Amino acid sequence: MKRHAMSKYFGSGAGHVLRQHNSAVLLFSWRGKSDGSARYVERVNRYARDGVEYPCLAALLRAVEAEHAQKER
């Protein structure tokens, strides 16, 4: 049985991020559709998505939400 170490909704429920137990990869979806991934880089204690590094998970989630807010305008 796979355990989910983290599952979180953000962006007023439109976004969802899932991190499998013992995995550095975070899988994103937006409005139910796959929206890429990010990686936790342990040696620098940061998250990386599309070549950009974020100091914490909250900053990464804000960036993903802002990306979609821009697309939906």
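The values are calculated or read from the model by the stated rules, or taken from the named source; none is laboratory data. What you see is a predicted model, and the numbers here were worked out from it, not measured in a lab. Here the Cβ positions follow ideal geometry from the backbone for every residue, glycine too, while neighbour counts run over all protein chains shown. Side chains are part of the model used for accessible areas, which takes the heavy atoms of the whole protein and leaves out ligands, DNA and RNA. Shrake-Rupley method; radii C 1.70, N 1.55, O 1.52, S 1.80 Å.
Can you pull out every residue in region 49-71 that is more than 12 Å from Gly15 (Cβ to Cβ) and surrounded by fewer than 16 Cβ atoms within 10 Å (Cβ to Cβ)? Across region 49-71, the qualifying residues are Asp50, Gly51, Val52, Glu53, Pro55, Cys56, Ala58, Ala59, Gln70, Lys71.
The residue that is surrounded by the fewest Cβ atoms within 10 Å (Cβ to Cβ), among those in region 29-47 that are of a type in the set (A, V, I, L, M) and over 18 Å from Ser7 (Cα atoms), is Val44. Here the condition is being in a helix (DSSP H, G or I) and at pLDDT 95 or above; of Ala69, Ala63, it holds for Ala63 alone. If you go through region 1-28 and keep only what is open to solvent by less than 30 Å² (accessible area, probe 1.4 Å), modelled with pLDDT of 95 or more and not hydrophobic (A, V, I, L, M, F, W, C), you end up with just Gly15. The set of residues in region 1-44 that are farther than 16 Å from Ala69 by Cβ and acidic (Asp, Glu) contains only Glu42.
For region 52-73, the criterion of being of a type in the set (Val, Ile, Thr) and out of contact with any strand residue (DSSP E or B) (no Cβ under 8 Å at 6 or more places or on another chain) is satisfied by at least one residue.
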